[in-house]
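Here you go, one structure.
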Amino acid sequence: MAGKKTRAHGCVLVGDPAFYRRFGFQNNPALRMEGVPPEVLICLPMDDRMPEGKVTHHLAFHVGP
């Protein structure tokens, strides 16, 4: 499993929950991301722990000076 190889605990994305549920993604009220409505912030846990807290991007994805 990719999660075990990368030591990732899950994957978080912004998307249509109705579409991504078929892949195991689910809403999690314990996650938040500035400027993103909670209903479209969804996650796929890769172990028995549910992610929680503030979601941010790596600095490499930031745009601007």
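Kindly evaluate G64 against the criterion of being over 11 Å from the mean Cα position of the chain (by Cα) and either surrounded by 14 or more Cβ atoms within 10 Å (Cβ to Cβ) or modelled with pLDDT under 90 (or both).
Yes: the conditions hold for G64.
If I ask for residues that are in a loop (DSSP other than H, G, I, E, B) and under 14 Å from G10 (Cβ atoms), which ones from the range 34-52 would you list?
Within the range 34-52, M46, D47, D48, R49, M50, P51, E52 qualify.
The values are calculated or read from the model by the stated rules, or taken from the named source; none is laboratory data. A quick note: this is a predicted structure, and the numbers were derived from the prediction, not measured. Here the Cβ is made from the backbone with ideal geometry for all residues, glycine too, and neighbour counts use every protein chain on show.
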